[in-house]
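Chemist: Sending over a structure as structure tokens; questions will come in a sec.
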Amino acid sequence: MPGDRAGESAGSLADRAWPEVRADPLVLLPIGSTEQHGPHLPLSTDTVIAQAVAERAADALRPRSAGQVLVAPPLAYGASGEHADFPGTISIGHEALGAVIVEAVRSLAPWAGRIVLVNGHGGNVPTLDAAVRRLRDEGHRVAWAACQAPGGDAHAGRTETSVMLHLAPHLVRPFEEVAGDPRPLAAIMPDLVARGVRAVSPSGVLGAPAGASADEGRRIVRAMVSSLVRRVEGGRVDDRGRLLDPDAPHGPRRP
């Protein structure tokens with residue numbers, strides 16, 4: 001991927017032979033989706049972002065870690081039922097996604113030290129909460145974290161468009177004339193849940209991509225990576241299995 005990172009495959013689990021995987025590594029597993037992102041962004045947007053944030057976080061963590069830091073191949077299908085009215089969307093639903101997460105972590109557990117699921121799609125959150133709680137109850141050292149962009153719009157608007165202009169500009173179509181629903185997510189959530197995204201926004205955009213830029217995307221990605229690195233190093237987890245910022249006012253638990 002284009003961007004400000006070095007050693008592109010340095011932490012790739014998929015590129016290794018098994019003897020090159022050392023004992024008890026930290027494994028970051030990106031979780032994305034294959035769903036519509038308006039007429040201007042690719043169906044892979046959430047997966048591209050989750051993988052990029054995980055890779056960059058691994059690059060930052062590796063020099064500060066006593067052990068190996070690896071990035072697993074991403075899960076490219078998520079729970080995207082709210083986008084089902086748009087051609088191209090592939091959703092496996094909450095039950096199937098939960099089963100994949102549980103079995104993937106159980107398979108990682110015998111040789112991985114810690115496992116962090118790096119989520120790029122908001123629709124996956126209920127499944128992550130349930131699956132990670134179950135896995136932690138089984139004794140696995142697993143937690144999850146979102147690719148956070150505080151103050152960003154909801155879906156395929158300026159935030160994600162800027163990020164994609166930075167990460168994969170060749171995949172971004174013209175967007176300045178694309179219209180979406182600019183209302184806050186809380187205002188449209190009842191209709192969104194009841195009728196899906198298309199009933200709220202025929203373009204599939206929640207927000208407005210106009211004004212997006214690669215420079216803004218670079219700043220957003222750096223903030224996402226910095227936040228993830230702080231949370232992984234801090235190791236504090238809430239009762240959902242979600243990694244917390246070290247300064248968050250919640251009781252500490254360790255993944």
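Chemist: Looking at V172, is it farther than 25 Å from L41 by Cα, in contact with a Leu (Cβ under 7 Å, 6 or more places away or on another chain), hydrophobic (A, V, I, L, M, F, W, C) and buried (at least 17 other Cβ atoms within 10 Å of the Cβ)? Show your work before the answer.
Modeler: On the way: farther than 25 Å from L41 by Cα: no; in contact with a Leu (Cβ under 7 Å, 6 or more places away or on another chain): yes; hydrophobic (A, V, I, L, M, F, W, C): yes; buried (at least 17 other Cβ atoms within 10 Å of the Cβ): yes.
Against the criterion (farther than 25 Å from L41 by Cα, in contact with a Leu (Cβ under 7 Å, 6 or more places away or on another chain), hydrophobic (A, V, I, L, M, F, W, C) and buried (at least 17 other Cβ atoms within 10 Å of the Cβ)), V172 does not qualify.
Chemist: On to the next question. Step by step: first the residues of region 34-57, then only those that are over 16 Å from A212 (Cβ atoms) and under 11 Å from the mean Cα position of the chain (by Cα), then the one that is surrounded by the fewest Cβ atoms within 10 Å (Cβ to Cβ). Which residue is that? Write out each step before concluding.
Modeler: The first filter runs over region 34-57 and keeps only residues over 16 Å from A212 (Cβ atoms), leaving 34-36, 43-44, 46-47, 50-57.
This time we only want the ones that are under 11 Å from the mean Cα position of the chain (by Cα), so: 46-47, 50-54.
On the way: D46: 30, T47: 23, A50: 29, Q51: 25, A52: 27, V53: 28, A54: 30.
Going through the qualifying residues, I end up with T47.
Condition check ((1) among the small types (G, A, S); (2) modelled with pLDDT of 95 or more) across all residues:
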position: S107; (1), (2): yes, yes
position: A112; (1), (2): yes, yes
position: L128; (1), (2): no, yes
position: G151; (1), (2): yes, no
position: A154; (1), (2): yes, no
position: M164; (1), (2): no, yes
position: H170; (1), (2): no, yes
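Chemist: Only one of (1) part of a loop (DSSP other than H, G, I, E, B); (2) surrounded by 21 or more Cβ atoms within 10 Å (Cβ to Cβ) fails for A179. Which number is that?
Modeler: Result: A179 passes all but (2).
Chemist: Right, another one. Suppose we keep only residues that are free of Cβ contacts under 8 Å to residues at least 60 places away in the same chain and under 23 Å from L185 (Cβ atoms) within region 78-89. Which one would you say is surrounded by the fewest Cβ atoms within 10 Å (Cβ to Cβ)? Please lay out each step first, then the result.
Modeler: Just the residues of region 78-89 that are free of Cβ contacts under 8 Å to residues at least 60 places away in the same chain, to begin with: 78-80, 87-89.
Next, from what is left, pick out any that are under 23 Å from L185 (Cβ atoms): 78-80, 88-89.
Values: G78: 31, A79: 23, S80: 25, G88: 11, T89: 19.
If we take residues in region 78-89 being free of Cβ contacts under 8 Å to residues at least 60 places away in the same chain and under 23 Å from L185 (Cβ atoms), then G88 is surrounded by the fewest Cβ atoms within 10 Å (Cβ to Cβ).
Chemist: Please give the number of the condition P209 fails out of (1) surrounded by fewer than 24 Cβ atoms within 10 Å (Cβ to Cβ); (2) farther than 25 Å from L75 by Cβ.
Modeler: Failing condition for P209: (1).
Chemist: For G122, only one of the following conditions fails: (1) among the small types (G, A, S); (2) touching a Ser or Thr at 6+ places or on another chain (Cβ under 8 Å); (3) on the phi < 0 side of the Ramachandran plot; (4) surrounded by fewer than 23 Cβ atoms within 10 Å (Cβ to Cβ). What is its number?
Modeler: The single condition G122 does not satisfy is (2).
Chemist: So, one more: Would you confirm, using the coordinates I've provided, whether G251 is modelled with pLDDT under 95, touching a His at 6+ places or on another chain (Cβ under 7 Å) and not β-branched (V, I, T)? Can you show your working first?
Modeler: On the way: modelled with pLDDT under 95: yes; touching a His at 6+ places or on another chain (Cβ under 7 Å): no; not β-branched (V, I, T): yes.
It is false that G251 is modelled with pLDDT under 95, touching a His at 6+ places or on another chain (Cβ under 7 Å) and not β-branched (V, I, T).
Chemist: Out of all the residues in region 140-152, which are under 14 Å from E216 (Cβ atoms) and either hydrophobic (A, V, I, L, M, F, W, C) or crowded, with 23+ Cβ neighbours inside 10 Å (or both)? Show your work before the answer.
Modeler: The first filter runs over region 140-152 and keeps only residues under 14 Å from E216 (Cβ atoms), leaving 149-152.
Of everything in region 140-152, just one residue is under 14 Å from E216 (Cβ atoms) and either hydrophobic (A, V, I, L, M, F, W, C) or crowded, with 23+ Cβ neighbours inside 10 Å (or both), namely A149.
Chemist: Identify the residue in region 189-201 that is touching a strand residue (DSSP E or B) at 6+ places or on another chain (Cβ under 9 Å) and free of Cβ contacts under 8 Å to residues at least 24 places away in the same chain and, among all such residues, is farthest from T45 (Cα to Cα). Lay out the reasoning, then the answer.
Modeler: Initially, region 189-201 is screened for residues touching a strand residue (DSSP E or B) at 6+ places or on another chain (Cβ under 9 Å), giving 192, 197, 200-201.
In the following step, the residues that additionally are free of Cβ contacts under 8 Å to residues at least 24 places away in the same chain were identified as 200-201.
On the way: V200: 20, S201: 18 Å.
The residue in question is V200.
Chemist: Under 9 Å between Cβ atoms, which residue pairs at least 6 apart in sequence (or on different chains) link something in region 102-119 that is farther than 19 Å from P19 by Cα and surrounded by fewer than 20 Cβ atoms within 10 Å (Cβ to Cβ) with a partner that is among the hydroxyl-bearing types (S, T, Y) and modelled with pLDDT of 95 or more?
Modeler: none
The values are calculated or read from the model by the stated rules, or taken from the named source; none is laboratory data. Computed from a predicted structure; not experimentally measured. No Cβ is skipped: glycine too gets one built from the backbone with ideal geometry, and neighbour counts run over all protein chains shown.
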